[in-house]
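The values are calculated or read from the model by the stated rules, or taken from the named source; none is laboratory data. Computed from a predicted model, the values in this text were never measured in an experiment. Virtual Cβ from ideal backbone geometry, glycine too; neighbours counted across all protein chains shown. Accessible surface areas use protein heavy atoms only, side chains included; no ligands, DNA or RNA. Shrake-Rupley method; radii C 1.70, N 1.55, O 1.52, S 1.80 Å.
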Protein chains: 2
Amino acid sequence: MDYIVFKNENALYWECNYSCDNAIFLKLGSDRYFITDGRYTIDAKESVKDANVITTNDLLLKVIELLKKHKIKKITIDPKEWDILSYKRLKDSVRTKIKFKPNFSHLKRMVKSEKEIELLQKAVIIGKKSFKKIAKEILKDPNRDEYSLNFMAESILRDFGKRDISFEPILAISENAAKPHAMPTNRVLKKGDLILLDAGVKYKRYCSDRTRTAFFDGEELNFKYKQKFSNSLIQKAYDTVLKAHDKAIKKARSGMKAKEIDKIARDVIEKAGFGKYFVHSTGHGVGLDIHEMPYISSKSETIIEDGMVFTIEPGIYIEGEFGIRIEDMVVMQNSRAKIL
Amino acid sequence: MDYIVFKNENALYWECNYSCDNAIFLKLGSDRYFITDGRYTIDAKESVKDANVITTNDLLLKVIELLKKHKIKKITIDPKEWDILSYKRLKDSVRTKIKFKPNFSHLKRMVKSEKEIELLQKAVIIGKKSFKKIAKEILKDPNRDEYSLNFMAESILRDFGKRDISFEPILAISENAAKPHAMPTNRVLKKGDLILLDAGVKYKRYCSDRTRTAFFDGEELNFKYKQKFSNSLIQKAYDTVLKAHDKAIKKARSGMKAKEIDKIARDVIEKAGFGKYFVHSTGHGVGLDIHEMPYISSKSETIIEDGMVFTIEPGIYIEGEFGIRIEDMVVMQNSRAKIL
């Protein structure tokens, strides 16, 4: 299959070990081209693997020239990647038949290599250590608002400027944790609160993703699975989420459809009477992108395979009261899910 | 003109005072619609001004229904905003003629209102104060590498988590400043170095942007225009950049083409023999987006008008040695450029 990767940094990086914010990758038979502009010539020539680096002011014109020169009959593109203006120009300039294949790059990247799994594992370990440091730092000075707590968490995750993070961390207190994508507020932490922390770091561009929900009794705090809440409804919800998390991981098998894994977690939560409070999917793939295929949702027909890496992250959110989520990344190996 | 704003947060915000990461705005005659999904219903109903909020799982289907219901003959879209897949679905579902107008939202936002200029002015003042604080903080502990210096600068600009920034700041030392978009390294600051700081903050979503280049003599540091370097070539380059900056601001007039302003700055630098080291445009518009129209480049035919806000930021970059840039934001008023 001949194809074009259009200005998508992670897809470009995956193809040839380098990316920048203005580049197109072209695979024509055994010829591979990385086309970028003059600002990146030096860096690209140093870092691009297995592709010819071409520098030009008009990237798309170079694509058109190459398609003509190689007399390419059919080329595949991802229609989600292209804006209309660029596509129209391409289409009107070549005789090549342009075939749409949505997500083709994501589909190729869905099953990870051994090397990729190693990098993801390292990212997860760094992320895990950061959670420990954040708990320690909260205990040093708990009397802070979410702005300050989030900033502190981000500083630790970023190792004070030396590391990239997968996304802006979410550190939300009690009722603010009820929004799955909570933004920080001036709400100050106090004894008896619940803390939800959802965060990840990057290791050599590969992402980690992790969520823990913890009880703060004024004295102690840890982001382990075992938590004791003072409120019995919260405790029941927490135990339900943990059970859904554990069961989905234990029962997941290669060969299942993604939606079957979603159902395992969802059933536990529904059975406990919290069904309508589990407002999102059970998980998503993680790799160079923090959200990628496979999506572990109630509609996903994707067949799970060994080598896939995704999150299991059931949750219960009761508006105005609390939110709970427990998330781990797993890799499918020997047909089973192993926590990274 | 009837038009659609497709999932562009700043354009959505400009139309109706609210945005989220999944929304479409539709203007049909005097009817205005903000279409989003259920996650944002509450927030949108609270904040959207002058538009009907519609919540749906399928945003584009709602657009199609509204175009049919209102029997719209012609609708304008920005072809740079739309992916092919969404566009094809729209086109194949309606009889409406779809007119392409690249950048139409940016064109509307190019001349700022009094209110917008006030917000931009406030952002600039906060940014300016941050520069002072950063200089002070460097002096407290100058023996740091670029990672640490950048992180410190970003922390101050973000007011330790309470404020948004326009972009990741650039704090580059001497030879690293030679890359206009330098990434931090482990290079440690030392006596006799030059420091280039390019940074901005947001105030109520409006951006500031500012660059200063300063000499660090081991004792003192300030980000004022007047700088004394120990190296005479750097001094000459600095004085040239400052002269280009001052002259472009002094001579800019409403009614000029943007490229004429670029030429004023470029001529100063060329005359001093540094022409080939001024590798970028003289400036860019600033508003809700950090880079927007008008672009003050050698090719821009845009006619400058009162109410436009843009940067003047000439620079000289000598690879492996040093980089210098001085940048201010100006607003055109009574036909002249006033520094914000």
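Taking every residue in region A:167-187 that is away from chain B (no Cβ under 14 Å) and touching a residue at least 60 places away in the same chain (Cβ under 8 Å) and pairing it with any residue that is open to solvent by 50 Å² or more (accessible area, probe 1.4 Å) and not polar (S, T, N, Q), at least 6 positions away or on another chain, the pairs with Cβ-Cβ distances below 8 Å are A:SER174/A:GLU321; A:GLU175/A:GLY320; A:GLU175/A:GLU321. Of the residues screened, A:TYR206 is one that is open to solvent by less than 60 Å² (accessible area, probe 1.4 Å) and of a type outside the set (A, V, I, L, M, F, W, C). Considering only residues that are closer than 14 Å to B:TYR317 by Cβ and open to solvent by 60 Å² or more (accessible area, probe 1.4 Å), which ones fall in region B:244-276? Matches in region B:244-276: B:LYS276 only. Apart from one condition, A:VAL94 fits all of (1) within 30 Å of B:TRP82 (Cα to Cα); (2) open to solvent by 50 Å² or more (accessible area, probe 1.4 Å); the exception is (2). Would you confirm whether any residue within region A:138-150 is open to solvent by less than 30 Å² (accessible area, probe 1.4 Å) and within 19 Å of A:ILE312 (Cα to Cα)? No, region A:138-150 contains no residue that is open to solvent by less than 30 Å² (accessible area, probe 1.4 Å) and within 19 Å of A:ILE312 (Cα to Cα).
Looking at region B:208-222, can you tell me whether even one residue there is in a loop (DSSP other than H, G, I, E, B) and basic (Lys, Arg)?
no
Scanning region A:106-134 for residues that are within 30 Å of B:GLU81 (Cβ to Cβ) and in contact with an Asp or Glu (Cβ under 6 Å, 6 or more places away or on another chain) yields a single hit, A:HIS106. Quick one: count up the residues across region B:233-277 that are at positive phi and out of contact with any strand residue (DSSP E or B) (no Cβ under 8 Å at 6 or more places or on another chain). Adding up the residues that qualify gives 1.
Scanning for something out of contact with any Cys (no Cβ under 8 Å at 6 or more places or on another chain), open to solvent by 30 Å² or more (accessible area, probe 1.4 Å) and of a type in the set (A, V, I, L, M, F, W, C), does region B:66-74 turn up at least one residue? No, because not a single residue in region B:66-74 is out of contact with any Cys (no Cβ under 8 Å at 6 or more places or on another chain), open to solvent by 30 Å² or more (accessible area, probe 1.4 Å) and of a type in the set (A, V, I, L, M, F, W, C). Considering region B:290-340, and only residues there that are charged (D, E, K, R) and closer than 19 Å to B:CYS207 by Cβ, the residue that is most open to solvent (accessible area, probe 1.4 Å) turns out to be B:LYS338. Kindly establish whether A:VAL241 is buried (at least 20 other Cβ atoms within 10 Å of the Cβ), aliphatic (A, V, I, L, M) and touching a Leu at 6+ places or on another chain (Cβ under 9 Å). Considered against the rule, which asks whether it is buried (at least 20 other Cβ atoms within 10 Å of the Cβ), aliphatic (A, V, I, L, M) and touching a Leu at 6+ places or on another chain (Cβ under 9 Å), A:VAL241 comes out as no.
Residue-wise test of (1) within 30 Å of B:LEU197 (Cα to Cα); (2) open to solvent by less than 20 Å² (accessible area, probe 1.4 Å); (3) in contact with a Lys or Arg (Cβ under 8 Å, 6 or more places away or on another chain).
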{"residue": "B:LYS80", "(1), (2), (3)": "no, no, no"}
{"residue": "B:ARG109", "(1), (2), (3)": "yes, yes, no"}
{"residue": "B:LYS115", "(1), (2), (3)": "yes, no, no"}
{"residue": "B:SER130", "(1), (2), (3)": "yes, yes, no"}
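For the list (1) open to solvent by 10 Å² or more (accessible area, probe 1.4 Å); (2) at pLDDT 95 or above; (3) under 30 Å from B:TRP14 (Cα atoms), I need the number of the one condition that B:LEU221 fails. For B:LEU221, the exception is condition (3).
Could you list, in sequence order, all residues of region B:173-190 that are more than 19 Å from the chain's Cα centre (by Cα), under 12 Å from B:TYR147 (Cβ atoms) and of a type outside the set (D, E, K, R)? Hits for region B:173-190 are B:ILE173, B:ASN176, B:PRO184, B:THR185, B:ASN186, B:VAL188, B:LEU189. For A:ILE4, are the conditions met, namely being of a type in the set (Val, Ile, Thr) and at pLDDT below 95? When the stated conditions are applied, A:ILE4 does not pass them. Restricting attention to region A:176-200, the residues being farther than 29 Å from B:ASP43 by Cβ and of a type in the set (A, V, I, L, M, F, W, C) number 0.
Applying a threshold of 7 Å to beta carbon distances and a minimum spacing of six or more residues, or different chains, the list of pairs starting in region B:1-21 at a residue that is among the small types (Gly, Ala, Ser) and ending at one that is not in a helix (DSSP H, G or I) reads B:ALA11/B:VAL5.
Scanning region A:102-119 turns up no residue that is part of a helix (DSSP H, G or I), touching a Phe, Trp or Tyr at 6+ places or on another chain (Cβ under 9 Å), without any contact (Cβ under 8 Å) to a residue 60 or more places away in the chain and within 14 Å of chain B (Cβ to nearest Cβ).
Within region A:180-208, track down each residue that is in contact with a strand residue (DSSP E or B) (Cβ under 7 Å, 6 or more places away or on another chain), basic (Lys, Arg) and over 17 Å from A:LEU119 (Cα atoms). If the condition is that a residue be in contact with a strand residue (DSSP E or B) (Cβ under 7 Å, 6 or more places away or on another chain), basic (Lys, Arg) and over 17 Å from A:LEU119 (Cα atoms), then A:ARG187 is the only one that fits.
Which residues, taken from region B:151-170, are closer than 17 Å to B:ILE290 by Cβ and open to solvent by less than 40 Å² (accessible area, probe 1.4 Å)? If the condition is that a residue be closer than 17 Å to B:ILE290 by Cβ and open to solvent by less than 40 Å² (accessible area, probe 1.4 Å), then B:ALA153, B:GLU154, B:LEU157, B:ARG158, B:ILE165, B:SER166, B:PRO169, B:ILE170 are the ones that fit.
Just to be sure I understand, how many residues within region A:20-32 are open to solvent by less than 20 Å² (accessible area, probe 1.4 Å) and at pLDDT 95 or above?
At the first step, the residues of region A:20-32 found to be open to solvent by less than 20 Å² (accessible area, probe 1.4 Å) are A:20, A:23-26, A:28.
Cutting the leftovers down to at pLDDT 95 or above gives us A:23-26, A:28.
Number satisfying all stated conditions: 5.
Taking region B:7-19 as the range and being touching a Ser or Thr at 6+ places or on another chain (Cβ under 6 Å), open to solvent by less than 60 Å² (accessible area, probe 1.4 Å) and closer than 22 Å to B:ASP83 by Cα as the test, the residues that pass are B:ALA11, B:LEU12, B:TYR13. Residue-level check: of (1) modelled with pLDDT under 95; (2) within 14 Å of chain B (Cβ to nearest Cβ); (3) assigned to a helix (DSSP H, G or I); (4) surrounded by 13 or more Cβ atoms within 10 Å (Cβ to Cβ), A:ALA44 misses just (2).
Scanning region A:129-160 for residues that are in contact with a Ser or Thr (Cβ under 6 Å, 6 or more places away or on another chain) and either outside any helix (DSSP H, G or I) or more than 14 Å from chain B (Cβ to nearest Cβ) (or both) yields no hits at all.
Within the span defined as region A:25-33, every residue fails to be within 14 Å of chain B (Cβ to nearest Cβ) and touching a residue at least 40 places away in the same chain (Cβ under 8 Å). If you check A:VAL201, A:VAL279, A:VAL286 for being surrounded by fewer than 19 Cβ atoms within 10 Å (Cβ to Cβ), in contact (Cβ under 8 Å) with a residue 40 or more places away in the chain and touching a Gly at 6+ places or on another chain (Cβ under 9 Å), only one passes: A:VAL279.
Candidates are the residues of region B:62-101 that are hydroxyl-bearing (Ser, Thr, Tyr) and assigned to a helix (DSSP H, G or I); the one that is nearest to the other protein chains (Cβ to nearest Cβ) is B:TYR87.
All conditions but one from (1) open to solvent by less than 30 Å² (accessible area, probe 1.4 Å); (2) away from chain B (no Cβ under 14 Å); (3) closer than 28 Å to B:VAL279 by Cα; (4) aliphatic (A, V, I, L, M) apply to A:ILE54; the one that does not is (1).
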